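Trainee: Below you will find the structure I want to go over with you.
The values are calculated or read from the model by the stated rules, or taken from the named source; none is laboratory data. Bear in mind the structure is a predicted one, so any value in this text is a computation, not a measurement. Cβ coordinates were reconstructed from backbone atoms using ideal geometry, including for glycine residues, and neighbour counts include every protein chain displayed.
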Amino acid sequence: MSVQLFRGTGVAIVTPFTEDGSIDWEALSRLLNHQSEGNVDYLVVMGTTGENVTLTKEEKQAVFTYVARHNNGKRPLVAGIGGNNTAEVVYALRDTNLEAYQGVLSVSPYYNKPNQEGLFQHYKAINDASPLPVIMYNVPGRTGMNVSVQTTLRIARECPNIVATKEASGNMEQIMQIIAHKPAGFEVISGDDAIAMPLIASGAIGVISVVANAYPGPFSSMIRLALEGKFDEARPVHLRFLNILSSLFEEGNPSGVKVYLSEMGICGNFFRLPVYPVSQQLQEKIRGLMKTLEA
């Protein structure tokens, strides 16, 4: 299966909840319709933005199934299956019904802080177990451990089922080194909305986005323009979004983006602990930013 399925804008969709903490299926349907209307390229289900660590195994499967039925083959789907217990991740890869999915996104282990050999062996086990192509995910700000350039390139060369990395290290030099030395058939996807455009200019194939939950149309259009080399057209949109992007993570993700979605009437501003709503001050700031963007 071609890694080009993951070209463009993938959206790490939120999981809407009701006030009592149940999954809000009606809101999830509205969110999926919003993505379809925005013409995004693919959906990432049960990623970090989806608060996956707060859902049970049964709830995750229910979300995977619901999204697949709603999507009905319209765009590629990627399932978030990762963790810090390699054996448990391997079991989930084999046990989860992924028949409507085209890929897996697997975050590097968090909390354990393994060395580089441990990171390689973790991904080698995932490579061997996954029934689908895998996008590895390096996000040291959440995991406490960076997957180095050398380890990423080793995974790219020795694990043929791992076809891309979602890079959220924020280290432009590191990411460009991966792009410069990666083997054919392995791609780099931006894990940060704010640097997606400059990374595309360096050779990345797109982004797995948070902001596209709220603004799928303009953001995916900007990414498409960048991929076509039309940077003079993409740049003003990129710059216009910078303050929005900053607000998304000011008090944590998905706390920020759910304010936008709540203001749009797509889903409620509800979470499962330990994720918690942002402050009133940030909510007011976000409302102001929304008005600026709409002006």
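Trainee: So residue 187 ticks every box in (1) under 14 Å from the mean Cα position of the chain (by Cα); (2) more than 22 Å from residue 35 (Cα to Cα); (3) in contact (Cβ under 8 Å) with a residue 60 or more places away in the chain but one. Which box is left unticked?
Mentor: Condition not satisfied by residue 187: (1).
Trainee: While we're here: Please work out which residue is farthest from the chain's Cα centre (by Cα), limiting yourself to the range 273-295 and to residues that are surrounded by fewer than 15 Cβ atoms within 10 Å (Cβ to Cβ) and in a loop (DSSP other than H, G, I, E, B).
Mentor: Filtering the range 273-295 for residues that are surrounded by fewer than 15 Cβ atoms within 10 Å (Cβ to Cβ) and in a loop (DSSP other than H, G, I, E, B), the one farthest from the chain's Cα centre (by Cα) comes out as 295.
Trainee: Failed condition for residue 115, given (1) surrounded by 18 or more Cβ atoms within 10 Å (Cβ to Cβ); (2) without any contact (Cβ under 8 Å) to a residue 12 or more places away in the chain, with all others met?
Mentor: (1)
Trainee: Using beta carbons and a limit of 8 Å, which pairs, at least six apart or on different chains, have the first residue in the range 122-139 and farther than 13 Å from residue 156 by Cα and the second one assigned to a strand (DSSP E or B) and of a type in the set (D, E, K, R)?
Mentor: From the range 122-139, the pairs are 138/166; 138/167; 139/166.
Trainee: Take the residues in the range 239-272 that are assigned to a helix (DSSP H, G or I) and basic (Lys, Arg); name whichever of them is modelled with the lowest pLDDT.
Mentor: Taking the range 239-272 and keeping what is assigned to a helix (DSSP H, G or I), we get 239-249, 255-263.
In the following step, the residues that additionally are basic (Lys, Arg) were identified as 240, 258.
On the way: 240: 94, 258: 98.
Selected residue: 240.
Trainee: Restricting to the range 14-38, count the residues that are touching a strand residue (DSSP E or B) at 6+ places or on another chain (Cβ under 7 Å) and not in a loop (DSSP other than H, G, I, E, B).
Mentor: 3
Trainee: When the range 250-270 is examined, which residues are found to be under 17 Å from the mean Cα position of the chain (by Cα) and surrounded by fewer than 18 Cβ atoms within 10 Å (Cβ to Cβ)?
Mentor: Residue satisfying the conditions is 252 alone.
Trainee: Of the residues 145, 136, which is surrounded by 22 or more Cβ atoms within 10 Å (Cβ to Cβ) and not hydroxyl-bearing (Ser, Thr, Tyr)? Please lay out each step first, then the result.
Mentor: Numbers: 145 fails: surrounded by 22 or more Cβ atoms within 10 Å (Cβ to Cβ).
Checking each option against the conditions leaves just 136.
Trainee: Given (1) more than 18 Å from the chain's Cα centre (by Cα); (2) modelled with pLDDT under 95; (3) on the phi > 0 side of the Ramachandran plot, identify the lone condition not met by residue 203.
Mentor: It fails just one condition, (2).
Trainee: A further question follows. For residues that are hydroxyl-bearing (Ser, Thr, Tyr), outside any loop (DSSP other than H, G, I, E, B) and modelled with pLDDT of 95 or more, scanning just the range 122-156, find the one that is nearest to residue 180 (Cα to Cα).
Mentor: Taking the range 122-156 and keeping what is hydroxyl-bearing (Ser, Thr, Tyr), we get 123, 130, 137, 143, 148, 151-152.
Applying the additional criterion that residues be outside any loop (DSSP other than H, G, I, E, B) yields 123, 137, 143, 151-152.
This time we only want the ones that are modelled with pLDDT of 95 or more, so: 123, 137, 151-152.
Numbers: 123: 21, 137: 18, 151: 15, 152: 12 Å.
Residue satisfying both the conditions and the ranking: 152.
Trainee: While we're here: Hey, any hits in the range 159-170 for a residue that's among the charged types (D, E, K, R) and surrounded by fewer than 19 Cβ atoms within 10 Å (Cβ to Cβ)? Spell out how you get there, then give the answer.
Mentor: Quick first cut of the range 159-170, residues among the charged types (D, E, K, R) only: 166-167.
From what's left, surrounded by fewer than 19 Cβ atoms within 10 Å (Cβ to Cβ): none.
No, the conditions are met nowhere in the range 159-170.
Trainee: Give me the residue from the range 32-51 that is surrounded by 22 or more Cβ atoms within 10 Å (Cβ to Cβ) and among the polar types (S, T, N, Q) and, out of that set, farthest from the chain's Cα centre (by Cα).
Mentor: 35
Trainee: Take the conditions surrounded by fewer than 19 Cβ atoms within 10 Å (Cβ to Cβ), touching a strand residue (DSSP E or B) at 6+ places or on another chain (Cβ under 7 Å) and at pLDDT 95 or above and apply them to residue 179. Does it pass? Outline the logic, then answer.
Mentor: On the way: surrounded by fewer than 19 Cβ atoms within 10 Å (Cβ to Cβ): yes; touching a strand residue (DSSP E or B) at 6+ places or on another chain (Cβ under 7 Å): yes; at pLDDT 95 or above: yes.
So residue 179 passes the test.
Trainee: Quick one: which of 92, 68 is part of a helix (DSSP H, G or I), in contact with an Asp or Glu (Cβ under 9 Å, 6 or more places away or on another chain) and either closer than 17 Å to residue 43 by Cβ or touching a residue at least 24 places away in the same chain (Cβ under 8 Å) (or both)? Even if it seems obvious, please write down each step before you answer.
Mentor: On the way: 92 fails: in contact with an Asp or Glu (Cβ under 9 Å, 6 or more places away or on another chain).
Within the list 92, 68, the selection yields 68.
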